[in-house]
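Chemist: Sharing a structure, written as structure tokens. Questions coming.
The values are calculated or read from the model by the stated rules, or taken from the named source; none is laboratory data. Since we're looking at a predicted model, the values are computed, not measured. Only protein heavy atoms, including side chains, enter the accessible area calculation; ligands, DNA and RNA are left aside. Shrake-Rupley method; radii C 1.70, N 1.55, O 1.52, S 1.80 Å.
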Amino acid sequence: MKRPWRLPAVAAAVALFTALALYDVSSAGAPTVITCDNTWTMNFSPALTVTPQNGVTAKVGDPNGALRKCTGDAAMTMGDFVAEGVGDNVTCTVGSYTNKPGTSQSVTWNAQDNQPTSAYTWNMSPIGDLLSAQTPLNGGITEGRYKDATWTMAIDALRSKIDLTDCNSPTGLKSISVAGTLVITPAS
């Protein structure tokens with residue numbers, strides 16, 4: 001005696017295997033590049049001049065930097081960040097900055113899941129090169145959302161205010177206002 005349930009069961013199994021064969025597992029959960037509009041003000045202490053100085057602190061102020069209009073991750077669209085770096089033997093046109101030991105470098109995302117923050121490292125080119133270098137700011141993400149990713153920033157000269165003439169003034173260059181595009185590239 002034939003059992004009537006076998007035909008539907010076989011048809012269901014064939015449909016399942018066909019669906020699995022057509023599903024591209026290489027794209028499932030594949031990391032995507034994240035881009036954000038980035039704006040921030042950085043304050044220098046002491047102010048930058050034409051004379052080289054050691055221990056110059058570069059700190060994102062007002063009170064934080066802003067990442068807006070982010071794309072590539074449906075769980076979030078924006079974030080705020082803090083950064084504090086230090087440079088030795090720097091002037092307005094020479095020297096670079098890296099993370100200041102013992103300070104927090106983090107992004108707080110408006111994420112709708114359980115990873116609302118990222119900790120990161122950063123390097124910044126000399127202030128005089130920010131508008132001319134292809135990627136004057138870069139670093140890596142060390143913890144949290146996008147861990148092991150790298151990031152770079154291209155600066156928009158039209159929206160940024162970096163007045164190097166202040167370097168020759170008695171008070172020096174105390175701050176810069178910068179805007180550009182942040183790109184987070186996930187680890188392969």
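Chemist: If you take all C-alpha pairs in the stretch 32-110, what percent of them are over 16 Å apart?
Modeler: Result for the distance tail: 56 percent.
Chemist: Under 8 Å for C-alpha pairs, at least 6 residues apart: give me the relative contact order for the stretch 96-158, rounded to a whole percent.
Modeler: It comes to 28 percent, rounded to a whole number.
Chemist: Accessible area per residue of the stretch 69-188 at 1.4 Å probe, in Å²?
Modeler: 51 Å²
Chemist: For the stretch 42-87, count all C-alpha to C-alpha pairs, find those more than 15 Å apart, and express that count as a whole percent of the total.
Modeler: 55 percent
Chemist: May I pose another question? Please give the contour-minus-distance gain from THR171 to GLN134: 0.36 nm per residue of separation, less the Cα-Cα distance, rounded to one decimal in nm.
Modeler: 10.4 nm
Chemist: Which whole-number percent is the relative contact order of the stretch 30-188 (Cα, under 8 Å, 6+ apart)?
Modeler: 26 percent
Chemist: Could you rank MET78, MET42 by how accessible they are, 1.4 Å probe, largest area first?
Modeler: I get MET78, MET42, largest accessible area first.
Chemist: Does the stretch 59-148 classify as rounded, prolate or oblate by the C-alpha gyration tensor (a ≥ b ≥ c root eigenvalues; a/c under 1.5 gives rounded; else a/b over b/c gives prolate, otherwise oblate)?
Modeler: The shape class here is prolate.
Chemist: Turning to a different aspect of this structure: At a Cα cut-off below 25 Å, give the lysines reachable from LYS59, other chains included and same-chain residues fewer than 8 away excluded.
Modeler: Cα-Cα hits under 25 Å: LYS69, LYS100, LYS147, LYS161, LYS174.
Chemist: Carbon-plus-sulfur fraction of the accessible area of the stretch 76-149, 1.4 Å probe, in percent?
Modeler: Using a 1.4 Å probe with all protein chains present, the stretch 76-149 comes out at 47 percent carbon and sulfur.
Chemist: A further question follows. Based on Cα positions only, what radius of gyration and what Dmax would you give for the stretch 30-188, in angstroms?
Modeler: 15.6, 53
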